[in-house]
1. Please identify the chymotrypsin sites (Phe, Trp or Tyr not before Pro) of the stretch 124-154 that satisfy two criteria: DSSP loop assignment and at most 16 other Cβ atoms within 10 Å. Which are they?
2. For the stretch 108-196, run through the trypsin sites (Lys or Arg not before Pro) and keep only the ones in DSSP coil with at most 11 other Cβ atoms within 10 Å of their Cβ.
3. Which trypsin sites (Lys or Arg not before Pro) in the stretch 55-114 sit in a loop by DSSP (not H, G, I, E or B) and have at most 14 other Cβ atoms within 10 Å of their own Cβ?
4. Checking the cross-link filter: which lysines have an alpha carbon closer than 22 Å to that of LYS64, excluding same-chain neighbours under 8 positions apart?
5. So, with a 1.4 angstrom probe, what is the percent of accessible area on the stretch 127-173 that is carbon and sulfur?
6. What relative contact order, as a whole-number percentage, does the stretch 222-296 give when Cα pairs under 8 Å and 6 or more residues apart are counted?
7. Evaluate the Kirkwood expression for the hydrodynamic radius of the stretch 144-202, namely the inverse of the mean inverse distance over all pairs of different C-alpha atoms, and round to one decimal in Å.
8. Counting only protein heavy atoms and using a 1.4 Å probe, what share of the accessible area of the stretch 182-262 belongs to carbon plus sulfur, as a whole percent?
Amino acid sequence: MVAPQVQESGVATPSPISNDRAISAPTIVIEARSDWRLFDWREIVQYRDLLYFMTLRDITVLYKQTVLGVLWAVINPLFSMVVFTIVFGMLLKVPSDGRPYALFSFAALLPWSYFSGSLTGATNSLVQSSNLFTKVYFPRIFIPFVPMFSKLVDFGIAFVMLALLMAWYRVVPSINIVFLPVLMVLMILTSAGIGMFLSAMAIQYRDIRHTMNFMIQILMYAAPVVWPVSKIPHDLRLWYGLYPMAGVIEGFRAALLNTGPMPWDMIGMGSITAVMSFLLGALYFRRTERFFADVA
C-alpha cells in the first residue's frame, strides 16, 4: 500500500509509483479463426506427438489378439488376387499387358488396398472417436489423418509380398521405379482429400457410413484394377485420367512391371483432381468442425 505524501497545502496525495514497481496484468488476445485457413500449423506442430501415438495405437489395436497379426495385410490382397486371377484371368481372358495376370492384378491391388482401407477408416473415424474429441481438445484434423498413416504399414508389408512375386516370376522393374514416391504422394493426397470430406459428412449424416461398401465397390471397378487402361478409347483416356487412382494404378504397373511408358497424361490430370479434392476436403472439414461436438 502506498503511503500518502503530505504537501505544504495540507492536502494528502498519493506518491507516484515507479515503473519498476508497477505490476502489469497479462494481456490475453482472443482472435477469431479464419474459415479460409485450411490448417493451424502451429497447433499441428504443438500436438505432433499426439498424432504419432494415435497412429501407433491404431496400428496396435488393429492386429491385437489376432493369430496371424500383420499377415492380414498380405492375406486380404492375396486372396483378392487369387479370385481375380481365376475369374478375370482364366475364365474371362482379360488381357494383362503381357504380364502374368497374378502380378498384373496384385500390382493394382497394392495402391488400391491402401486407398480403400484408408478411405473407409477416415470416413468412420470421427464417429468412432466421438467419445474422445468431445471430452478433450486437440486438432480434430488428426482423427481422419490417423488411418492415412497407419495404413502405410499395410502398404509396406504388401509391397514386400509384391517384390517376392516379382522375383518368383522373374520380372524386373523399370527405371520408372524412381517415380514411385510421386505416385504414393498422389495416392495419399487423393485418399486424404476424400477422407476429410466424407468424415465431416459422416458425423452429421450417418447414412454415409452405410454406403461406403457400395461406393468402394463402384470405385474399384471404375479403376483399372482387373482390366488394363488400353481398354479405354484413346480420345477418352485424358478425361478418364481425372480419376486419380487410374493414373496411380497404371503408373505402379509401368514402374514395377515395366508394362509400358509412364502414363504422364493420366498422372497429370489425376494430380489436378487430387490437389483440388485435398483442398476442398480440408476446407469443408475446417468449416464444419465447430459442429462436430454438437452432432456427435
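The values are calculated or read from the model by the stated rules, or taken from the named source; none is laboratory data. Owing to the predicted nature of the structure, the values given are computational and were not obtained by experimental measurement. So basically every Cβ, Gly included, is an ideal-geometry build from the backbone, and we count neighbours across all protein chains shown. The accessibility values were calculated without ligands, DNA or RNA, using every heavy atom of the protein model including side chains. Shrake-Rupley method; radii C 1.70, N 1.55, O 1.52, S 1.80 Å.
1. Sites meeting the loop and neighbour criteria: TYR137.
2. LYS135, ARG170
3. Filter output for the stretch 55-114: LYS64, LYS93.
4. In chain and number order, the partners are LYS151.
5. 67 percent
6. Result for the stretch 222-296 is 29 percent.
7. 13.4 Å
8. 68 percent
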